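Before anything else, here's the structure in question.
What follows draws every value from the coordinates through simple rules; no lab data is involved. None of these values were measured; they are calculated from a predicted model. Note: ideal-geometry Cβ built from the backbone for every residue, glycine included; neighbour counts use all protein chains shown.
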Amino acid sequence: MKNALRKILVGSALGAVALSVPLAAQAQEPVKVGVINFYSGGASGPFGIPAKNAAEVIIEGINAGTIPAPYNSVGIAGARIEPIYVDENSKQKVADFKKLVQGDGAQIVIGYTSSGSCKAIAPVAEEVKALTIFAVCGTPQIFEEVVTEPKYAFRTISHATSDNVGAARYIIDTTPDLASISGINQNYAWGQDSWRDFSAAISKLKEDVEVKTEQFPKIFAGQYGSEISALLTNKSDVVHSSLWGGDMEAFILQGGGRGLFDNSKVVLTVGDTAVERFGKQIADGTVIGARGPYGLLAPDNALNKWFTEAYVARFGAQPVGPSYQTAQALLALKAAADKAGSVAPEDISAALAGLTFEAPSGTIQMALAGGHQAIAGITYGTYKFDEAVGKGTLVDLKEYPAECVNPPAGVKGTEWIEGGLQGAKCN
Amino acid sequence: MNNLDRTELGFIAALPLLIACGLLLPQWIVNYIHVSLGTGLVALGVMVQMRAGLVSFGQGLYFCIGGYAAGLAGRLWGLSDFFLLIALGIAAGLVVSFLLGFLLRRYRRIFYAMLSLAVSMILFGLLSSSEELGSTDGFNLPATSYLGWLPGQSVSGDVLYVATCIPTVICAILLHRFLRSPMGYVGEALRENEIRIEYLGMSARKAVHIIYVIAAVVSSIGGVLWAMALGHIDPEMTNWVTSAQFVFIAILSGIGNVAAPLFGTLLLEFIRVYAVEIAPDSWHIIVGSVMLLIIVFLPRGLWSLVSSNNGLKNKFTHRVKAASEPEGARS
């Protein structure tokens, strides 16, 4: 066993030496980019695999130069991308990250879905000076608390504040006689933060809105009988829910059967994934969000058209939120590298800070945290089953610009909401 | 106490070797060795209980308690001192296990396994639903300091690695001593025939209690060391998946020697790393196949490769394995 261990160690050591040749010396050599997400385990279905699919489509497009303008040149600053896929489903996330950077020679890392991963990785990215673009994770703490002066860490999606401020604005705009709200959210960081932001934003946007009941079922509970009873007995005008994936689908079926969706207007902040499959089972009037202008809520632009077509042609399914978010991170990388004319991490980092770039989900501005945190607009819509086509559609789409649902630079998300959403620009 | 046996001499010789590895090998390899020392100590805690015929499916509880003791001290009071955090981890593990021991010492076999699992999942539920304690996202630890000295960023990794090696080796040697002490042999007897222990005038429950506390403390130390190496803690540390991995490592490495779980942890970590490299979305198949092959061809665990020509030891480990296997297999 000792021999075997030694062989492994020596082999890896040799491999590491061979790979650590500086990239800058060989400009047209492919650039190794680590692409990390959940490729196994419970989060792989809703997050990791759609993200990986998008990465394959975009990287192929970048290497072939087939993406529409402004991305119609080959490679990033002329260099091809060579992806290294690594599973986020691991206890040793930091060691895996360091192996990717120091062992496999990836100078750029893109991905991460779990907020816990992002919190753990952000300081390490700064420490080992590896350009790291967080693609999917939502916690505002990354640049508000964990790394306050980032140099190498970026995030190319808005943090979760915008989802729920957007939802609150949509409810206020579409429900003139709003008097009471309730919530059903999972009892973990995502659910707790979502409800806190939504209920606080509602209370600041309209006076005297009563909170009837707050339900916090366990994540992956799957059964919501008692929570639905509580929501029915404490009838409120609006029910907010950030349930996602299978939990959200179970809630639609169980709540629909008991008339909850007819009793109250339900907001599903991550409801987009159910639209295609559930058809008539979703009640008309349900408010649907997608954590950004993705999928059915995406804008009608050339990039989105190309992306959706390429994705559907290859995988036979529609791209979902994490697909758009991953595409966004890779296009941010291309935009910054092309602007810098270099693939050295320092040059890309300097070009990416404060950059405004185009993505299938619209225009993204790297506006917060010294240009390291993106802000983007958000769109919500109301569900309507189209009898003629036999498919679900979203009507009354409302698009909220980035400055309307994100805090200004230097202000924390929760403080911004508590302070009455000062400085919001909504046209 | 001066008569060191082969294992103890081996550990003492391994310490400079381990430190040399840390300074000579590429940094990313050292990282895996570093985190494996922490998780290895928890596997060691599981192995100590297995020696007494007790399988804990909730050892992640103390892994987590150690990690959170260190993390919360940093979060609430800004503490980052290596020695202080280890002391806090030991204290937290000691207090909790001493109290829970009164409950757990009354149970054996599957009941012990399930009850330990239940307790660990209670902590998981509490931490996940508590926003003050970081919920499921957990929180980060400050950089580790040593008696007021905060090493610069260029050397902090190396210093922490060396600082981690030393308590790990000390724990291993002390546990080895414990297993060879009269109390350690009571553990063996506990597995063989509990009634006879009572006839000999000893309390079986007390023996279980002592073993439970010792395993808890060593796991807490592992939790502190692992948390400092990673710099981040979350409730996954006490999830049953994590606990089950420790049981797996203990079974696969074999329980013949305290070195086995430490080596086993490291080896399985590298198997996983290379499996992920080969197949990022189906690496579980590779790791699972390796585990199956080990169970089929090395029923006494990986350690039987090392101790193969030692007849007496062989017989002993075989018995130990045979006795502990049914619980592992059934659950």
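Would you be so kind as to identify all helices of chain B, as entire DSSP H runs, whose Cα atoms reach 20 Å or more along the helix's own axis and whose mean Kyte-Doolittle hydropathy is at least 1.0?
B:6-24, B:82-104, B:109-129, B:153-180, B:204-230, B:259-278, B:283-297
Go ahead and estimate [θ] at 222 nm for chain B from helices alone: -39,500 (n - 2.57) per DSSP H run with n ≥ 4, summed, over the residue count, rounded to 500.
Dividing the helical sum by the residues of chain B leaves -25500 deg cm²/dmol.
By how many degrees, 0 to 90 and rounded to 10, does the Cα axis of helix A:245-257 deviate from the longest principal axis of chain A?
Between the helix axis and the principal axis of chain A, the angle is about 10 degrees.
Calculate the mean, over all residues of peptide B:24-36, of how many other protein chain Cβ atoms lie within 10 angstrom of the residue's Cβ.
Neighbouring Cβ atoms belonging to other protein chains average 6 per residue here.
Please return the longest range in chain B lying between exposed loop sites, taking GluC sites (Glu not before Pro), DSSP loop only, at most 14 other beta-carbon atoms within 10 Å, and leaving the sites out.
With GluC sites (Glu not before Pro) excluded where exposed in loops, chain B gives B:133-331 as its longest stretch.
Within a 10 angstrom radius of each residue's Cβ in A:75-86, how many Cβ atoms of other chains show up on average? Whole number is fine. Intermediate values should be presented prior to the final figure.
On the way: counts 0, 0, 0, 0, 0, 0, 0, 0, 1, 2, 5, 4.
Whole-number average of other-chain Cβ neighbours for A:75-86 is 1.
For region A:78-90, in order, what is each residue's ³J(HN,Hα) by Karplus, 6.51 cos²θ - 1.76 cosθ + 1.60 with θ = phi - 60°, in whole Hz (x at glycine and Pro)?
Whole-Hz 3J(HN,Hα) from phi for region A:78-90: x, 9, 6, 9, 10, x, 10, 8, 10, 7, 6, 6, 8.
Right, here's the next one. With chain B treated as a Gaussian network of Cα nodes joined by springs under 10 Å, which of B:ILE221, B:ILE211, B:ILE286 yields the largest mean-square fluctuation?
Maximum among the listed residues: B:ILE286.
Just counting partner chain Cβ atoms within 10 Å, what average do the residues of peptide A:170-179 show around their Cβ?
Per residue, the average neighbour count from other chains is 0.
What is the distance in Å between the Cα centres of region A:104-133 and region A:333-395?
19 Å
So, with +1 on the Cβ of K and R and -1 on the Cβ of D and E, and no other charges, what is the size of the charge dipole of chain A about its Cα centre, to the nearest 20 debye?
1180 debye
State whether region B:6-238 is rounded, prolate or oblate according to the following rule on the C-alpha gyration tensor (a ≥ b ≥ c being the square roots of its eigenvalues): a/c under 1.5 gives rounded; otherwise a/b larger than b/c gives prolate, and the remaining case gives oblate.
Here region B:6-238 falls in the oblate category.
Explain nothing, just the number: dipole magnitude of region A:179-256 about its Cα centre with +1 on each Lys and Arg Cβ and -1 on each Asp and Glu Cβ, in debye rounded to the nearest 20.
Details: 6 positive and 10 negative charges, 12 e Å.
That gives region A:179-256 a dipole magnitude of about 60 debye.
Counting other Cβ atoms within 10 Å, which trypsin sites (Lys or Arg not before Pro) in region A:227-323 have at most 14 and lie in a DSSP loop?
A:LYS235
From the phi angles alone, apply the Karplus equation (6.51, -1.76, 1.60; θ = phi - 60°) to region A:264-273 and give each ³J(HN,Hα) in whole Hz, x where the residue is Gly or Pro.
So the Karplus estimates, Gly and Pro as x, are 9, 7, 9, 9, 10, 5, 10, x, 4, 5 Hz.
Show me the trypsin sites (Lys or Arg not before Pro) within region A:79-141 that DSSP assigns to loop and that have at most 14 other Cβ atoms within 10 Å of their Cβ.
In loop regions of region A:79-141 (DSSP not H, G, I, E or B), the sparsely surrounded trypsin sites (Lys or Arg not before Pro) are A:LYS129.
Per residue of chain A, what 222 nm ellipticity follows from adding -39500 (n - 2.57) for every DSSP H run with n ≥ 4, rounded to the nearest 500? Intermediate values should be presented prior to the final figure.
Numbers: 15 runs with 170 residues, N = 427.
Estimated from H runs of four or more residues: -12000 deg cm²/dmol.
Just want the answer: with Cβ charges of +1 for Lys and Arg and -1 for Asp and Glu, which residue in A:ALA332, A:LEU421, A:GLY289 is farthest toward the dipole's positive end in chain A?
A:ALA332
If you find the alpha carbon centre of region A:408-427 and of region B:59-100, how far apart are they in angstrom?
38 Å
Next up: Let me make sure I get this right: for region B:87-191, a, b and c are the square roots of the gyration tensor eigenvalues over alpha carbons, sorted descending. Under 1.5 in a/c it's rounded, otherwise prolate if a/b > b/c, else oblate. Which is it?
oblate
Further, regarding this structure: For a quick protection proxy, order the peptides B:62-72, A:40-50, A:191-201 by their average other-Cβ count within 10 Å, most packed first. Write out the running numbers ahead of the final one.
Working: B:62-72: 29.1, A:40-50: 20.0, A:191-201: 23.6.
Per-residue Cβ counts within 10 Å, averaged per peptide and sorted highest first, yield B:62-72, A:191-201, A:40-50.
To test your reading of the geometry: what angle, between 0 and 90 degrees and rounded to tens, separates the Cα axis of helix A:2-19 from the longest principal axis of chain A?
Between helix and principal axis, roughly 90 degrees.
Rank-order A:335-342, B:251-258, A:222-229 by packing density, defined as the average count of other C-beta atoms within 10 Å over each peptide's residues, highest first.
Numbers: A:335-342: 20.0, B:251-258: 25.2, A:222-229: 15.4.
Descending mean neighbour count gives B:251-258, A:335-342, A:222-229.
To continue, here is another question. Between the helical axis of A:49-64 and the dominant principal axis of chain A, each derived from Cα atoms, what acute angle in degrees is found, rounded to the nearest 10?
For helix A:49-64, the angle is close to 50 degrees.
If you don't mind, another one. Which cross-chain or sequence-distant (5 or more) residues have an amide H under 5 Å from the amide H of A:ASN37, H modelled 1.01 Å from N in plane?
A:VAL86, A:GLU88, A:TYR112
Cross-link candidates for A:LYS32: which aspartates and glutamates have Cα within less than 17 Å, leaving aside residues fewer than 8 places away along the same chain?
Leaving aside aspartates and glutamates fewer than 8 places away in the same chain, those within reach of A:LYS32 are A:GLU56, A:GLU60, A:GLU82, A:ASP87, A:ASP96, A:ASP104, A:ASP338, A:GLU346, A:ASP347, B:GLU277.
Name the residues whose placed amide hydrogens come within less than 5 Å of the amide hydrogen of A:VAL266, ignoring near sequence neighbours (fewer than 5 apart) on the same chain.
Result for A:VAL266 returns A:VAL239, A:VAL287.
Further question on the same structure: Under 1.5 on a/c is rounded, so check that first for region A:63-173, then, if it is not, pick prolate when a/b is larger than b/c and oblate when it is not; a ≥ b ≥ c are the square roots of the alpha carbon gyration tensor eigenvalues.
Verdict is oblate for region A:63-173.
Using amide H atoms built 1.01 Å from N in the peptide plane, name the residues 5+ places from B:LEU25, or on other chains, whose amide H lies under 5 Å from its own.
none
Only sites in a loop by DSSP and with at most 13 other Cβ atoms within 10 Å count here; which GluC sites (Glu not before Pro) in region A:377-424 make the cut?
Passing sites in region A:377-424 are A:GLU387.
Beta carbons within 10 angstrom, averaged per residue: use that to sort the peptides B:133-143, B:45-55, B:16-26, highest first.
Ranking, from highest mean packing down: B:45-55, B:133-143, B:16-26.
Then there is this: Treating the beta-carbon of each Lys and Arg as +1 and of each Asp and Glu as -1, no other charges, what is the dipole magnitude of region B:52-192 about its Cα centre, to the nearest 20 debye?
660 debye
Excluding same-chain residues fewer than 8 positions from A:LYS235, which lysines have a Cα within less than 29 Å of its Cα?
A:LYS204, A:LYS206, A:LYS212, A:LYS218, A:LYS265, A:LYS280, A:LYS384, A:LYS398
Positive end of the charge dipole of region B:6-238 (Lys, Arg +1 and Asp, Glu -1 on Cβ, about the Cα centre): tell me which of B:SER80, B:LEU94, B:THR39 has its Cα farthest that way.
The listed residue farthest towards the positive side: B:LEU94.
Would you list, by chain and number, the aspartates and glutamates whose Cα falls below 20 Å from the Cα of A:LYS412, excluding same-chain residues fewer than 8 positions away?
Result set, ordered by chain and number: A:GLU144, A:GLU145, A:GLU149, A:ASP163, A:ASP193, A:ASP197, A:GLU403, B:GLU131, B:GLU132, B:ASP137.
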